[in-house]
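Taking it in order: structure first as structure tokens, then the write-up.
The values are calculated or read from the model by the stated rules, or taken from the named source; none is laboratory data. As the structure is a computational prediction, the values presented were derived from the model and not from experiment. When we count neighbours, we look across all protein chains shown, and the Cβ atoms used for this are built from the backbone with ideal geometry, even at glycine. SASA here: full protein model, heavy atoms, side chains in, ligands and nucleic acids out. Shrake-Rupley method; radii C 1.70, N 1.55, O 1.52, S 1.80 Å.
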Amino acid sequence: MRRALPAPAVGVVTSALLAGCAYLPAPPDPVPTSVVPTTVPAPGAEADGSQLSPDGFDAAQRMAVRIRNIGCGALSTGSGFALDAHTLVTNRHVVADSAELQLSTYDGRDVAAEAASTAGLADLAVVRTVDALPAAPVLAEADPQVGDPVTVVGYPLGRRLTATDGRVVAAVTDPLHTNLGEVLVTDAPVEPGSSGSAALDADGRVIGVVYAKNAENMSFLVPVSTLRAMLEDDTAFAPAPTCG
């Protein structure tokens, strides 16, 4: 596990954004309203981090899922995490425009995807699975405060299962979806492929979902309050668009 070095506080976000999966144009050009993952290879899953259970994986690693988006002529990768035994949470841009979604767990086991739905407001998606997922975390009751610790667990570059540490450094108006309201900014390192990763507090509870980073290597989270509100709204999600 690697810990991020302290970074300057974020004020107004004006730099180019990397949506966990692709750089976006900086102002004064219009900010795009959707993000497309970068095509990256997807090697075998490995584990990294503390060994707190008999098989060498802790609870945070057990609930992480790697996602391969097999599109029409392209392959991209992202991350997600179990919400319950047959539902995982990720980003809208991770699962959109797919012909097939391939899921694998912390131990390299393949899990069949049944259906994906995407949110219209936030960069969120849920995927239903045929096979059971190994473990699910607890969603925090409230958003973290500036200065609180955060750990991001996912598959940067589609490679090793990795946990990176940082702190919440700011809450800002979402630079990609202004109607969403505030999102969280952290200095926990993320890379392409980290999109959809769970951000956890010191007790292992989900406090947000990674969806972007900027040129200063600050990562952006959809806060858990927004995730909860979306999950409780029957109209928030619609079937994910496919490339066919």
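In segment 123-150, which residues are among the aliphatic types (A, V, I, L, M) and either surrounded by 20 or more Cβ atoms within 10 Å (Cβ to Cβ) or within 17 Å of G196 (Cβ to Cβ) (or both)? Matches in segment 123-150: L124, A125, V126, V127, L133, A135, A136, L139, A140, V150. Is it fair to say A112 is of a type outside the set (S, T, N, Q) and over 14 Å from G208 (Cα atoms)? For A112, the condition - of a type outside the set (S, T, N, Q) and over 14 Å from G208 (Cα atoms) - is met. Within segment 217-240, the only residue that satisfies the criterion of being β-branched (V, I, T) and farther than 20 Å from T151 by Cβ is T235. Could we say that D131 is under 24 Å from A96 (Cα atoms), within 16 Å of the chain's Cα centre (by Cα) and without any contact (Cβ under 8 Å) to a residue 60 or more places away in the chain here? It is false that D131 is under 24 Å from A96 (Cα atoms), within 16 Å of the chain's Cα centre (by Cα) and without any contact (Cβ under 8 Å) to a residue 60 or more places away in the chain.
If you go through segment 107-122 and pick out every residue that is open to solvent by less than 50 Å² (accessible area, probe 1.4 Å), touching a residue at least 60 places away in the same chain (Cβ under 8 Å) and under 23 Å from L231 (Cβ atoms), you end up with 5. Looking across segment 160-189, the residues that are of a type in the set (A, V, I, L, M), assigned to a loop (DSSP other than H, G, I, E, B) and either over 11 Å from V150 (Cβ atoms) or open to solvent by 10 Å² or more (accessible area, probe 1.4 Å) (or both) come down to L161, L176.
Among the residues making up segment 64-106, those that are in a loop (DSSP other than H, G, I, E, B) and surrounded by fewer than 24 Cβ atoms within 10 Å (Cβ to Cβ) are G71, C72, G73, A74, A85, H86, A96, D97, A99. The single residue among L139, L157 that is in contact (Cβ under 8 Å) with a residue 12 or more places away in the chain and in contact with a helix residue (DSSP H, G or I) (Cβ under 9 Å, 6 or more places away or on another chain) turns out to be L139.
Does D234 satisfy the criteria of being outside any strand (DSSP E or B), in contact with a strand residue (DSSP E or B) (Cβ under 9 Å, 6 or more places away or on another chain) and among the acidic types (D, E)? No: the conditions fail for D234. One residue alone among L176, L227 is in contact (Cβ under 8 Å) with a residue 24 or more places away in the chain and farther than 20 Å from E141 by Cβ, and that residue is L176.
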